[in-house]
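Novice: Mind having a look at this structure? Questions to follow.
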Amino acid sequence: MEIWIIIFICFFIFIFAWYIHDKYVQRKHQILVNYPIIGRLRFVFQEFREPFRQYFGDEKFYESMDKLEWVYSAARDKVNFSSFSPSQPLPKPKFMLRHTNIVLNDNEVENDFRVTFGEKREKPFITSSIIARAPMSDGSISPEGTRAFVQGSKLGSFPINTGEGGLTSNFFVTHNNYNAKYITEAKGNKKQLKIFKLSKILFNLPVAVDIYRKIIFKKDPLADTYVFNKEKECFFRPNWDAPVDSFPKEVPEDMPDIILQISSGLYGVRTKSGEFDKQRYKKQMSFCRMTEIKIAQGAKQTGGKLIANKVTPAIAYYRNIPAYKDAFSPNRFPYANSVEELFDFIGKLQKISQKPVGIKIVISDYENIVPLAKEIKRRVELNLPYPDYISIDGGSGGSATAPLDMMERIGMDIRDALYLVDKVLKDYKIRDKIKISASGKILTPDDVIIILCLGADFVQIARGFMMSAGCIRARYCSGATKHQCPVGLATQNKKKRKHYFVNKHSEYIKNYHNQILKNMKSLLAVMGVKNIKELDKNKLIFLDKDSKIHDDMDALFERRIFLKKDNNKNV
C-alpha cells in the first residue's frame, strides 16, 4: 500500500475519533456537541481577539488609533507627521485649543518645564519636567521592565513614581557610585568571572549577566533582588538592615527623581506584622524626592491586587509579605480612618523625611473634595500639617489588576475631576497652597496641554509610557489567565521577561518623554504662549456632539458637573 494512502487513512481515523469525542464524549463545551471540530474555531478566534484586536478596525477605548500610533512613533524618535487626513478623526464632543493669529516660533517658547512641590519643606522637590511616569509597581511590572523605566527616567530627566510596590532594588540600577555601608554586594570568584567575560564575547551582556547570576546565586530564590553593577562587575542591592546613619543625606546624583508611593498595604515601609516602619521609611526617603499616599485609583477603589503567581520570592522580600500568596491590600489606608487622621499621618511623614507628601484620590462628585478643602483651610489657619499636593486619577485610570465592574463605574473623567478640584480649592482660597497632579488616559502633547489648561500643575502618564516600553496592549497584565504578557513587560514569568530588551526600551521611554515636551512647545507656539504657566481654561474651546462651540469653560463645566438644568443635552 502506498504511503499517501496510509497517511490518508490515519488522518481519516484521527478526524473521526476527534468528531466522536467532541459530539459524544466531552461535556464541557455545549457548542462542540452541535458543531464538532469546527466549533473549536470559536476558541481559536477568542484566543486571537485580545492580542490582535488593535490591528483591526477603529480604536474604541482611546480617542483614536492615530494617538496610539503617535506614541509608538514618538518612542522610536520618528517624525510624527500625517498625510491627507487623520485615519480616525477625534470623536465629538472634544476640547479644542485656541490659537493666535501672530504665532511664535518654537525657539521663542521657554524650555522651563519645572514644577516645585513643598515650597515650605526643608527639602522641596523641584522637578526637571512637568511629566512623570505614573505609579506602576515592581511586581505588576517585571524586574526588567522596571529597570527600563528607571534608566529611561534618568536618561530623559523626568520623575518616576514607584507605585505601591515601593522602592525595590531595580530602582537602583543606575546607582553605581554607592557607599558599601548601605549596600550588599555579591561577586563571583575568579573562575566565575572568567565564565562571565567569556559569555560576553560569545553572546551579549544581558545573556552574560543572566549566566553570571545563575552561577553565583545558583538556586537562591532571592537572586532577583540583586541588580548588576557594570563597572564593578558584581551584583548589589540596598541593605535595609543597615543603620539609618549609613544612608546618604542627599539623593545620589546617579539616581533618577523618584516619587515613593505608599498604599494601604504599606509595602516597602512595613514591619512583618503590617505596621508602619518609621526607620525603613526614613532609609527609603534617602533615595526619593517626595511621597505619595495612595488613597484611591481610578480603575479600582479597593486596595492593590497582585495575584499569587506574581508574588515571587523577590517581590515578597521587597514587600515583607509571604511569597506565592495573593497580595490583596486593605481597601482603606490604615491611617486614614478620618481626614484629620490622614493629615496628621502626612505631617508625620513630612517631619521624618523633610520632603513633600501628597495624596492620590479619585473624584466622583463635589462631596469628595469639599471635606478635604475645608480641612486644609482649617489647618492652614492653625499652622497644622496638610498635603503638599493632591494627585487626581481619572475614573478610567489604568491598572494591571482591577475589578472589571469598577473600571468604568467609579470616578469622573480626569478633565471633569480636575476642573472641580481646581475650582473648589480656589473657592476656599487655598489653591496657592496645594499643587495638583493629574493622570488618566493622557497620551499625547495635546492631552497634556488640555490637562494643564484645566488646572493641573503636573502630569503623570502610565499608558503612554507602557506603550513606549513595548506594551502591545494584549491585556494579559494581571497574570490571572493562562496567558502572560507576550513582551515580558508585565509578567514575572522568567521565560517571557528574561528576553525583554532593557536598554533598547529605556531609549524608547526617554524618546517618548522628550517628544511630548518638544511637541508641546510647538502647540504652545501656535497658541501664542511662551511659558506653560500662562495656560488656563480660557485657552480652550469645547465642541459638542452637534458641533456647537462653547467658549465659556466655567458655564460648560457647571452643566457637566453640577447637573444644572440646561436645554443643551449634548454637552
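Novice: Of D446, D405, D422, D416, which residue is part of a helix (DSSP H, G or I), among the charged types (D, E, K, R), in contact with a helix residue (DSSP H, G or I) (Cβ under 9 Å, 6 or more places away or on another chain) and modelled with pLDDT under 95?
Specialist: Within the list D446, D405, D422, D416, the selection yields D416.
Novice: Select from segment 72-118 the residues that are among the aliphatic types (A, V, I, L, M) and open to solvent by less than 40 Å² (accessible area, probe 1.4 Å) and write down the one among them that is farthest from A132 (Cα to Cα).
Specialist: Looking at residues that are among the aliphatic types (A, V, I, L, M) and open to solvent by less than 40 Å² (accessible area, probe 1.4 Å), I get L104.
Novice: What pairs come up if the first residue lies in segment 29-45 and is touching a residue at least 12 places away in the same chain (Cβ under 8 Å) and part of a loop (DSSP other than H, G, I, E, B), the second is open to solvent by 60 Å² or more (accessible area, probe 1.4 Å) and not hydroxyl-bearing (S, T, Y), and their beta carbons are under 7 Å apart, counting only those six or more places apart or on different chains?
Specialist: I37/W18
Novice: Considering every residue within segment 252-265, establish whether at least one is under 15 Å from G166 (Cβ atoms), open to solvent by 20 Å² or more (accessible area, probe 1.4 Å) and touching a residue at least 12 places away in the same chain (Cβ under 8 Å).
Specialist: no
Novice: Another one. Within segment 403-461, how many residues are open to solvent by 40 Å² or more (accessible area, probe 1.4 Å) and not charged (D, E, K, R)?
Specialist: Number satisfying all stated conditions: 5.
Novice: Taking into account only those residues within segment 520-563 that are touching a His at 6+ places or on another chain (Cβ under 8 Å) and assigned to a helix (DSSP H, G or I), which is most open to solvent (accessible area, probe 1.4 Å)?
Specialist: V526
Novice: Being charged (D, E, K, R) and under 24 Å from the mean Cα position of the chain (by Cα) is the filter here, so list the residues in segment 63-95 that pass it.
Specialist: Hits for segment 63-95 are E63, D66, K67, E69, R76, D77, K78.
Novice: Do the conditions hold for Y324, that is, is it surrounded by 19 or more Cβ atoms within 10 Å (Cβ to Cβ) and not in a strand (DSSP E or B)?
Specialist: Criteria not met by Y324.
Novice: Related question: Identify all residues within segment 220-253 that are within 22 Å of the chain's Cα centre (by Cα) and not in a strand (DSSP E or B); write none if there are none.
Specialist: D224, T225
Novice: Whether any residue in segment 484-492 is in contact with a strand residue (DSSP E or B) (Cβ under 8 Å, 6 or more places away or on another chain) and under 27 Å from V459 (Cβ atoms) is what I want to check.
Specialist: Yes, the conditions are met somewhere in segment 484-492.
Novice: Also, quick follow-up: May I ask you to list the residues in segment 342-374 that are polar (S, T, N, Q) and surrounded by 23 or more Cβ atoms within 10 Å (Cβ to Cβ)?
Specialist: Passing the criteria: only S353.
The values are calculated or read from the model by the stated rules, or taken from the named source; none is laboratory data. Bear in mind the structure is a predicted one, so any value in this text is a computation, not a measurement. Don't worry about glycine lacking a Cβ; one is built from the backbone with ideal geometry, like all the others, and counts go over all protein chains shown. These area figures cover heavy atoms from the full protein model, side chains too; ligands, DNA and RNA do not enter into them. Shrake-Rupley method; radii C 1.70, N 1.55, O 1.52, S 1.80 Å.
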